[in-house]
Amino acid sequence: MIGDRARRIEDPVLLRGAGRFAADTVRSGELHMRVVRSPVAHGRIVKVDVSQALLLDGVVTAWTFDDIAELPAIGFRLTPRPELIPYRQPVLARREVRYVGEPVAVVFATSAYLAEDGAELVDVEIEPGQAHLQADTEPIPWIDAEQATWASNTGDQVAAQDSEATTFVEEYGDIDAAFAKADRLVKKGTHRVFTTEARIGRHTAVPMECRGLVASYDESDQLLVVDGAAKVPFWNREAIAAMVGLPPHRVVVRETHVGGGFGPRGELYPEDVLVTVAAMRLRRPIKWIEDRQEHLVATNHSRGQHHRIQALVRVEDGFIEAMDAEFFLDQGAYVRTHGATVASLTASMLPGPYVIPHFRARARVRLTHKTPAGTYRSPGRYEGTFARERLVDTIARELGLDPATVRRTNFIPADKMPFERPIQAMGTHLVHDSGDYALLLDKVSERFDFPGIRAEVEGRRAQGELVGFGFGYFVEKSGIGPFEGARVAVDGAGQVTISCGASSVGQGVDTVLAQVVADGLQISHEPIRVVRGRTDLFEYGRGAFATRLAVMAGSAAAIATEALAEKARRVAAHEFKVSFEEVELVEGGVEVRENRAQRLTLGEIAQLLEPMNAAAMKEEPGFSADGWFRTDHMTYPYGLHAAVVSIDRETGHLAIERFIVGYDVGRALNPTLVEGQITGGVAQGIGGAVYEEFLYSEDGTPLCTTFMDYLIPTVREMPDVEILLTEDAPSPLNPLGVKGAGEGGTTAVAAAIGSAVDDALRIPGAITSVPIRPLLLRRLVDQVSIP
Amino acid sequence: MKPSPFEYHRPESLEEALGMLARDPDESKVLAGGQSLVPMMNFRLASPTRLIDINRVPDLEGMSVSGDRLRVAARTRHIDVQRNELPGPLGELLREAAGHVGHLPIRTRGTFGGSIAHCDAASEWCQVAALLDAEMTVVSASRGERTIQAADFFQSIFTTSLELDEILVAVTLPVLGETWVTGIAEFARRAGDFGIVTATTALNIVEGVVAEARISLGGVHEIPFRSEAAETVLAGQAFTPELVVAAAEAAADEVDPPSDVHGDADYRRDLVRALLPRAVRSGMGAT
């Protein structure tokens, strides 16, 4: 069962259109919320007047900052570096607006239409200021002492802050000593110093379902019920409870179906606070459904980095002795729930699969008058992998070495696993738990016939085509702890329910958890019911992010199943008056080994565990068991992306003809779902590499606010993704040996395509930024020297 | 993304529709396929207070040939234009061009006349209308029917010479003889997007000589752009691939394209150079 291409148990409901997404929750008497957003990127609020809106029939109320002044700025969920606190976002704009799309007022009305009519009547007057849009120029004064003090909310005075919210270093080895000897080594001719730059455009996730939330206060139960949550319902329950002034046990947060998460969806945003506070104040159900235009300016953006890397490299074989990196992260106008997560991950994962004895990465998180940024599938790794792999390609080319050989030279050798890199990643020690990087390169190269691809590319080039082949290598991370739990219960009919703190963003977590339990109980996974994403039905849950659930919840489910099986055997042994060792679990029942006719089904065992009988057996009543999995370390899957591309000389059109992914997940719980994750991830990676970027005019007006300007690749632009899944390096850190599959489809897409485009143009180092637009390629084609 | 309040009217005849439109032409909008109007209303870029849905008005759909003219009724869906069985170069051009209009769901709803009345410079149908000097038949309640030439019809971005109380009922195109070669080439970032640049071409090649040349470009001007420079280069000359390249150069020099997030002016000129010959070649059965 584990490892089977089992069918998704989620799909029958979804395919019949019976799913319940955020907007499908309808409550009688509900009010619709509409957010009035800043039309300018930066300015002083002169006036926000809601009086005309209030006169409209159907508008119940409208708020500005003054109406919610007692609410603090929104806190951090991850990587809460203290210096970031003054940069937190108020629920509604306070005194100043800092990006187009910032909430300045909110209208509540009896229909979504009337709410939008009302929002149009809110009179917003803003005195525009200069928009600051570059993260890699000198920092500018950003917030004054009054704002910093207010946002910090500690009672202490906080000084004015500039636009560099934080800068920090991740390092190991002795980078200064390494570069101190660089001059001498370069003169000697044994080493060279390489300097490269890389830019990754600002883009983000656009899940099919935009954000949404429905909250209502149930007077009879004395409960605030919040529907439509995603990703991190347990954390959001605590945050919402604090915002609305209720104890957490009076707040129930429930996940509905979720049409895609990818990082941004499910975090606590200003709108989530407004919906829940309004439900308490107005004592009516409040519904907010984000529209696509809002999504593209209001939901977290991501990426937006500029890297500068200096590397000291051995000439003989391309071994990287030392890497000194600095990068600028365009954070947008505020620091939201992710704190410094993206910067931290960028820095710590930058070395990737390579040894690099001396390393330093300086992160600079800079504010700009743009939508605030957070995580997006493979945060920090997509960016860092592009920067690092471009460097490695540069090294190979300049030294006249084969790019695959240079990578092999630098790989952490398999016999050095587990390999500890003395830096932190997401607050954990970075230890590559297992891996054979060279083996995967060999296998992918053989499976997809890299020499054959190379020969074909050469042949076409000889015919005058601009066609190229390139690849990028990466290490991902997954399965961050610290814990996850699961309860497996069987009822008197023998039916199994898994309850857990996991969340589903559509990735198929129900199916894999059911497979893990079905495997342990030797039953079919299809009838199993999975309860998750509900704070009223389980005690703890850390959420669906960082590719953690197969590892964490999967392991917890395995542990719970083992405990349940033991309980079943104890009951059967008691019933048949034999020893525990004499019974075994076989296909959903427990049998006496020596007399198979003596068998109890799981349902019969559940019946025997009714409270009176259970007491007689000295068992806890009920046929259920809990399992908890705890870990201090992440697992590190790894992979390779390769691309064949061709360029139309006349239009600059880039065709991605082939896209190949090799990925080692330790153990694939369901290969079909892993391949699905990879294929979707590649699509998003291609988006960032070729199509998607949020552009701004000089005054900070966003230019990409619809799908006509913000281009996500469609099925027509997608190549077939050719995938080789391997299981050569199971994780030693969890009982399943599994590593995460969620993000490895995205990580090296920009790196691979950049490399292939360089190759097609035969202009080394031509591609230093993504997305790669036809306009750029058209101009580069003119520099191509080959016929 | 919810529209402002509006009245919805659904007339059963053209007379009724024109009467409704005449009552308050400034505040009314005619709804046919709705593939541009409805999104604009949802974005509140357009806020008509009266919507007159002509989908039940009879005799507004279909294509018919009379003599050497093809009449395309205004509400004919893109998909039906794409499926036309008209023989010869015009039928082929219409089928080819329709394939570039959005995606299938858009083509099943959007209409030929709606696209022309909307006057988006990137629209394939506006290109074709300009290319072939189409005649627009328009009707109003008070003044009856009149005909407007394409050159007079397209005024500026999203603006035509259609009066506010008029409805476009049909577009008439010349049925091109067998000596004509028509073609279209479009460059968009993604399948189904509006072309960044579109080239449509119609050449009458008689015994190896270009007797008449028509070149229309989209995405380079606020309305479809007939390239006189390219047409002049081609007309009267022996048809050769080099001649077409020279025409493309002339067109690229002639245009003064806009710059936006999809490409700057120079890039659009490059696309003119690339696409004009491709349009010609596509009509000759090669790409």
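The values are calculated or read from the model by the stated rules, or taken from the named source; none is laboratory data. Remember, predicted model here, so these are calculated numbers, not experimental data. Backbone-built Cβ (ideal geometry, glycine too); neighbour counts: all protein chains shown. The protein model used for the area step is the full one, side chains on, heavy atoms only, and it has no ligands, DNA or RNA in it. Shrake-Rupley method; radii C 1.70, N 1.55, O 1.52, S 1.80 Å.
Details
- Scanning segment A:255-266 turns up no residue that is without any contact (Cβ under 8 Å) to a residue 60 or more places away in the chain and not hydroxyl-bearing (Ser, Thr, Tyr).
- When residues of segment B:58-77 are limited to those that are closer than 16 Å to residue B:169 by Cα and without any contact (Cβ under 8 Å) to a residue 40 or more places away in the chain, the one surrounded by the most Cβ atoms within 10 Å (Cβ to Cβ): B:76
- Scanning segment B:44-56 for residues that are part of a loop (DSSP other than H, G, I, E, B), touching a strand residue (DSSP E or B) at 6+ places or on another chain (Cβ under 8 Å) and among the β-branched types (Val, Ile, Thr) turns up at least one hit.
- Tally, over segment A:49-83, of residues that are open to solvent by 40 Å² or more (accessible area, probe 1.4 Å) and outside any loop (DSSP other than H, G, I, E, B): 9
- Yes/no for residue B:230 being away from every other protein chain (no Cβ under 12 Å), surrounded by fewer than 23 Cβ atoms within 10 Å (Cβ to Cβ) and at pLDDT 95 or above: no
- If only residues of segment B:258-287 that are assigned to a helix (DSSP H, G or I) and of a type in the set (Asp, Glu) are counted, the one that is nearest to the chain's Cα centre (by Cα) is B:270.
- Entry remark, segment A:768-779: residues being outside any strand (DSSP E or B) and either assigned by TED's automatic domain parsing to the domain that holds residue A:395 or under 26 Å from the mean Cα position of the chain (by Cα) (or both) number 4 in total.
- Hits in segment A:325-340 (condition: in contact with a helix residue (DSSP H, G or I) (Cβ under 7 Å, 6 or more places away or on another chain) and not in a strand (DSSP E or B)): A:334, A:339, A:340
- Members of segment A:390-417 found to be of a type in the set (Asp, Glu) and over 30 Å from residue A:732 (Cα atoms), listed by number: A:393, A:398, A:402
- Exactly one residue among B:168, B:217 is in contact with a Gly (Cβ under 8 Å, 6 or more places away or on another chain) and either more than 14 Å from every other protein chain (Cβ to nearest Cβ) or not in a strand (DSSP E or B) (or both), and that residue is B:168.
- So residue A:647, is it open to solvent by less than 60 Å² (accessible area, probe 1.4 Å) and within 14 Å of chain B (Cβ to nearest Cβ): yes
- For residue A:18, the stated conditions do not hold, so it cannot be described as at pLDDT 95 or above, of a type in the set (Gly, Ala, Ser) and open to solvent by less than 50 Å² (accessible area, probe 1.4 Å).
- Whenever a residue of segment B:234-263 is away from chain A (no Cβ under 14 Å), its partners that are open to solvent by 50 Å² or more (accessible area, probe 1.4 Å), lying with C-beta atoms within less than 6 angstrom and at least six residues away or across chains, give the pairs B:238/B:209; B:243/B:237.
- Pair list, Cβ < 9 Å and 6+ apart or interchain, from segment A:567-594 residues that are assigned by TED's automatic domain parsing to the domain that holds residue A:514 to residues that are open to solvent by 20 Å² or more (accessible area, probe 1.4 Å) and hydroxyl-bearing (Ser, Thr, Tyr): A:567/A:624; A:573/A:579; A:588/A:524; A:588/A:601; A:589/A:601; A:590/A:601
- Any hit, segment A:448-470, residues being touching a residue at least 24 places away in the same chain (Cβ under 8 Å), more than 23 Å from residue A:548 (Cβ to Cβ), open to solvent by 40 Å² or more (accessible area, probe 1.4 Å) and in contact with a Gly (Cβ under 7 Å, 6 or more places away or on another chain): no
- The residues of segment B:171-211 that are surrounded by fewer than 21 Cβ atoms within 10 Å (Cβ to Cβ), within 14 Å of chain A (Cβ to nearest Cβ) and not hydrophobic (A, V, I, L, M, F, W, C), listed by number, are B:189, B:190, B:192, B:193.
- Residue in segment A:672-680 that is open to solvent by less than 10 Å² (accessible area, probe 1.4 Å), more than 14 Å from chain B (Cβ to nearest Cβ) and hydroxyl-bearing (Ser, Thr, Tyr) present: no
- Residue within segment A:302-322 that is more than 29 Å from residue A:396 (Cα to Cα) and not aromatic (Phe, Trp, Tyr) present: yes
- Candidate set: segment A:341-369, residues that are part of a loop (DSSP other than H, G, I, E, B) and in contact with a helix residue (DSSP H, G or I) (Cβ under 9 Å, 6 or more places away or on another chain); chosen: the one surrounded by the most Cβ atoms within 10 Å (Cβ to Cβ): A:350
- Residue A:531 free of Cβ contacts under 8 Å to residues at least 40 places away in the same chain, closer than 30 Å to residue A:266 by Cα and β-branched (Val, Ile, Thr): yes
- Filtered residues of segment B:15-44 (kept if more than 24 Å from residue A:34 (Cβ to Cβ), aliphatic (A, V, I, L, M) and either within 13 Å of chain A (Cβ to nearest Cβ) or open to solvent by 40 Å² or more (accessible area, probe 1.4 Å) (or both)): B:22, B:30
- Lone qualifier among A:741, A:756, A:760 - being part of a loop (DSSP other than H, G, I, E, B) and away from every other protein chain (no Cβ under 14 Å): A:741
- So residue A:328, is it in contact with a Phe, Trp or Tyr (Cβ under 8 Å, 6 or more places away or on another chain) and either touching a residue at least 40 places away in the same chain (Cβ under 8 Å) or under 26 Å from residue A:693 (Cβ atoms) (or both): no
- Checking every residue in segment B:218-225 against the condition of being surrounded by fewer than 19 Cβ atoms within 10 Å (Cβ to Cβ), over 15 Å from the mean Cα position of the chain (by Cα) and either under 17 Å from residue B:94 (Cα atoms) or in contact (Cβ under 8 Å) with a residue 24 or more places away in the chain (or both) gives zero matches.
- Segments classed as strands (runs of 3 or more DSSP E), wholly inside segment A:208-324, with at least 2 members that are more than 14 Å from chain B (Cβ to nearest Cβ) and buried (at least 23 other Cβ atoms within 10 Å of the Cβ): A:212-218, A:223-229, A:251-255, A:302-314
- Neighbours by Cβ (under 7 Å, 6+ apart or cross-chain): first from segment A:696-718, at the interface with chain B (Cβ under 7 Å from one of its Cβ atoms) and over 19 Å from residue B:191 (Cα atoms); second in a loop (DSSP other than H, G, I, E, B) and not hydrophobic (A, V, I, L, M, F, W, C): A:703/A:697; A:703/A:709
- Listing of helices (runs of 4 or more DSSP H) fully contained in segment A:117-194 that carry 1 or more residues being open to solvent by 70 Å² or more (accessible area, probe 1.4 Å) and small (Gly, Ala, Ser): A:175-180
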